[in-house]
Amino acid sequence: MDRDQLPQGEEKTRQVRAMFDAIAPRYDLLNRVMTFGLDRRWRRRAAAHLQLPTGSLVLDVAAGTGDFVHELEHQGLRAVATDLSWGMLAAGHGPYARVQADARALPFATGAFDGITCGYALRNFTDLGATLAELARVVRPGGRVAVLEVAEPRGGLWRAGFRLWFRRIVPLVGAALSDAKAYRYLPRSTAYLPDLPALRALFNEAGFVAVNHRAILGGLSQEILATRSA
């Protein structure tokens, strides 16, 4: 799917907000089904890779229903959740702080956070470069960022299996359990993702250094770790 055939600009923002508001009630169930529950393990590991001291303040961007927040708090960190969709934030459980905001214009002071997490949302941001620059603004110099995103294995059985599951079966499961249109869009939205060199460049341009990339489970997912420059 060519990204030009997907919504762009403010129309994308509007559609993404409405889509996540609509699927919020069953989002957690579909996540567990789509990843066989492995997404929890991947978030746990990414939170640990921040390597921040106990009590550090972390912003979870595109927090959804709070999966990353719970992992951060379990590891002794303080967390604030922000998301474009209030429906997703409202569907979360627990007494953590929730702030509805567009990630391109976060309502937080410069350098307010020791770290940032973001799970499976890069492709949903309307302007990825502007969003990364805003993340760089609100994290302190030397602060750490851990990002998870879907990926596609480069070849072999992993690639064939991924395409069958993510492009064919996931939309059917999504239609049966939640919203058919949303779960047709989500696999197609990977077209928004830049390739790895371009993604690294965007992080560097935003103000991050030591941008490290790790493929997860044969390349089915990916983790990006970066440090805010001094």
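Brief remarks follow.
- The chain, relative contact order [Cα under 8 Å, separation at least 6], %: 21 percent
- Residue among ALA210, LEU186, SER229 farthest towards the positive dipole end of region 90-230, charges placed on Cβ: LEU186
- Peptides 66-76, 97-107 ordered by average Cβ neighbours within 10 Å, highest first: 66-76, 97-107
- Of all DSSP-defined beta bridges confined to region 3-228, some 40% are antiparallel rather than parallel.
- For LEU193, no residue 5 or more places off, or on another chain, has a built amide H under 5 Å of its own.
- Residue-wise HN-Hα couplings along region 106-116, as the Karplus relation 6.51 cos²θ - 1.76 cosθ + 1.60 with θ = phi - 60° gives them from phi, are 7, x, 10, 5, 4, x, 6, 10, 7, x, 9 Hz; Gly and Pro carry x.
- Charged-residue dipole, Cβ positions (Lys, Arg, Asp, Glu), region 3-228 about Cα centre, Debye nearest 20: 580 debye
- Shape of the chain, Cα gyration tensor, a/c cut at 1.5: rounded
- Seen from MET88, the other residues with C-beta closer than 12 Å to its C-beta sum to a net charge of -2, counting Lys and Arg as +1 and Asp and Glu as -1.
- Per-residue ellipticity at 222 nm computed for the chain from its helices equals -12000 deg cm²/dmol, with DSSP H segments shorter than 4 residues left out and the rest contributing -39,500 (n - 2.57).
- Candidate membrane-span-like segments in the chain, meaning DSSP H helices with Cα atoms spread over at least 18 Å of their own axis and a Kyte-Doolittle mean of 1.6 or above, do not occur, with no membrane implied either way.
- A full extension of the chain between ARG45 and ARG78 corresponds to an added length of 10.2 nm, given 0.36 nm per residue minus the alpha carbon distance.
- For region 44-71 and region 185-230, distance of Cα centres in Å: 17 Å
Read-outs: derived from the displayed coordinates by stated rules, not from any lab. Source: prediction; values computed, not measured. Neighbour counts run over all protein chains shown; Cβ positions are idealised from the backbone, glycine included.
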